[in-house]
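Working notes for the structure below.
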Amino acid sequence: MSKQWWKESVIYQIYPRSFADSNGDGIGDLKGIISKLDYLEWLGIDVIWLSPVYDSPNDDNGYDIRDYYGIMKEFGTMDDWELMLSEVHKRGMKLIMDLVINHSSDECEWFVKSASSKTSPYRDYYIWRPGNGGQEPNNWESHFSGSAWKYHEETDEYFLHLFSKKQPDFNWENEALRSELYKMMTWWLDKGIDGFRMDVINMISKAEGLPDAAEVRDTPYQPAGDLFLNGPRVHEYIKEMNEQVLSKYDVMTVGETPGVTPDDAALFTGEDRNELNMVFQFDHMDVDSGPGGKWDIQPWTLSELRRILDGWQLGLEGRGWNSLYLNNHDQPRMVSRFGDDKEYRVKSAKMLATLLHTLQGTPYIYQGEEIGMTNVEFDSIDDYRDIETLNMYKEATEERGISHDEVMRRIYIKGRDNARTPMQWNQTKHAGFTTGEPWLAVNQNYEEINVEEAKTDKNSVLHYYKKLIALRKENPIMIYGAYRPLDENKEAVYSYEREWEGKKLLVMLNFTATPQVYKVPPGWMKSSCELLISNEAIHPSLEDGTIELSSYEARVYVK
Ligand code: NOJ
């Protein structure tokens, strides 16, 4: 396995709209980000992943790009962006940009031209089809509810949008479109950025003929994942992109790829494949989803979570490289989902952080995770801003007859705005995020949970993250060590070893509030091992052979 800087890096995701507002308009911006770079350097971050900052009408908060060469006005100017990049580099950090090239905004010049007439040279930049006897061309459902097709009256055809109506899908089969996108990527790389996070990159190739999806729901529109994920030409396109663009730079890439197995991921990330460095898989994010998908919420079990992560750790071993994440801007807050965001908030957030930094792969920290930020419960649907949440609420209450209370319950658990409430910097009004009115309300717990407070408290989640990040740099076994799952007390404790160049790591994580008896694996009892990190102060040695792990305790030994 080769050593690479992007394997050794810890990545921090910034959702710019919610990070730091410098001008009091209630929306985070680039100058705000610049003002917080010292904080990220202090924490030990190597790479910043910036969610989209391109010019956009914000139907989906920037994941609908209008001008791929411009900066969103609310976030600042290109000069601000250039300054930000140089300030990031000055501090020895790197910057990767979000690349949204499965779709654009419908206000993108290319789409406007494409929609102007059936004979426009841009027509084939997007996916247009005639209606099917007055109906949509097929029964695919959009991720944001309803049909994935929108009728365009002027040219009497439908265009495909896997996300909102304002996010038309590009037609990757068109070579001219591909060249246009490669040109744009090259333009950004020439500005000196250090790579890309590629939005839903395994959706760029769709099943030939765009056939109907099988009916699994009692609604006109059907989930069509197997028809637009990992399509027949996806590897061909990514290889071409690599050859024409990426291979010319020393940059990192991470593809967002829902619905991939470790075997698929090995194809995307294999070192001899010349495609991507790593992908974001979603199996562990679906551990609490039922057959009806994300909003069909089911209880999750540790054994199922372990089964999934074992599959990824072992499945990619020596064949590719894992990305590691427990939340992001689309997912609920990690501590609310997998820990306990009340009594054991600090301790369980540290336990989860231990998992994040001791699996094999590159860890991604989402803003606010490092201080243990939690989910939010707004009283009214009007307080929510996320298009996915709002569309789902409307469809569920108006068309499916699901009660308001039940839909709100689901939003409290899974809604994307859980992760998008403003970053909590201090105890002042709006958590120091803005001096104006924030675009999305701040979580009311900001007086207790904020960066300033966490910095002064040596036992905070924040200091624990800082320590983990530093340990990862000093102990290459945390990065490169092979993962070996352990079977003891599987329902409550997640434990594994890592092995590398004659060294070993033992990780034990109690995922419950109940103390757990744990039988120490052979080879650790009598050996002289050292406690590397723990979220619990007192530790009897391992020599007795059986130990008790306290509520949400995490312990890592090395020998
Ligand atoms: C995935 C992004 O992470 C999400 O925020 C967005 O809504 C969709 N892709 C569409 O771009």
Descending packing, highest mean Cβ count within 10 Å first, for 473-481, 394-402, 182-190, 20-28 is 20-28, 473-481, 182-190, 394-402
P(r) tail for the stretch 109-245, what percent of Cα pairs lie past 26 Å? 27
In the structure shown, of Lys7/Lys455; Lys504/Lys526; Lys458/Lys490; Lys90/Lys458; Lys342/Lys490; Lys94/Lys183, the pairs separated by more than 26 angstrom at the C-alpha atoms are Lys7/Lys455; Lys458/Lys490; Lys90/Lys458
On the accessible surface of the stretch 272-392, probed at 1.4 Å, how many percent belong to carbon and sulfur atoms? 45
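State the percentage of accessible surface on the stretch 208-266 attributable to carbon and sulfur atoms; use a 1.4 Å probe and exclude ligands, DNA and RNA.
Within the stretch 208-266, the accessible surface is 48 percent carbon and sulfur.
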On the accessible surface of the stretch 48-167, probed at 1.4 Å with all protein chains in place, carbon and sulfur together account for a percent value of 47
Measure nothing fancy, just the Cα-based angle from helix 234-244's long axis to the longest principal axis of the chain, in degrees from 0 to 90, nearest 10. 90
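Per residue, how large is the accessible surface of the chain? Use a 1.4 angstrom probe and give square angstrom.
On the way: 21340 Å² over 559 residues.
Averaged over the residues of the chain, the accessible area is 38 Å².
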What is the gain in length, in nm to one decimal, between Lys473 and Ser289 on full extension, counting 0.36 nm per residue of separation less the C-alpha to C-alpha distance? 62.7 nm
If packing is taken as the average number of other Cβ atoms within 10 Å across a peptide's residues, how do 208-219, 64-75 rank, most packed first? 64-75, 208-219
Per-residue ellipticity at 222 nm for the chain, helices alone: DSSP H runs ≥ 4 residues times -39500 (n - 2.57), over residue total, nearest 500 deg cm²/dmol? -8000 deg cm²/dmol
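How long is the gain from Asp405 to Glu180 if the chain were fully straight, where each residue apart is worth 0.36 nm and the alpha carbon distance is subtracted? Write out the running numbers ahead of the final one.
Working: separation 225, 0.36 × 225 = 81.00 nm, distance 4.68 nm.
Difference between extended and current length: 76.3 nm.
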Can you tell me how much longer the chain between Glu398 and Arg217 gets when fully stretched, taken as 0.36 nm per residue apart minus their C-alpha distance, in nm with one decimal? 63.5 nm
Order of 285-291, 105-111, 343-349, 223-229 by packing, highest average Cβ count within 10 Å first? 343-349, 105-111, 223-229, 285-291
Only residues of the stretch 460-476 count here: report those whose backbone N is under 19 Å from the spot 7 Å along Cα→Cβ of Glu448, or say none. 460-464
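May I ask for the percentage of alpha-carbon pairs in the chain that lie more than 44 Å from each other? Write out the running numbers ahead of the final one.
Numbers: 23425 of 155961 pairs.
Pairs farther apart than 44 Å: 15 percent.
The values are calculated or read from the model by the stated rules, or taken from the named source; none is laboratory data. Bear in mind that the values here come from a model prediction, so they are computed numbers and not experimental data. Positions of Cβ are generated from backbone atoms using ideal geometry, with glycine treated the same way; all protein chains shown enter the neighbour counts. In case anyone asks, the SASA skips ligands and DNA or RNA and just uses the protein heavy atoms, side chains included. Shrake-Rupley method; radii C 1.70, N 1.55, O 1.52, S 1.80 Å.
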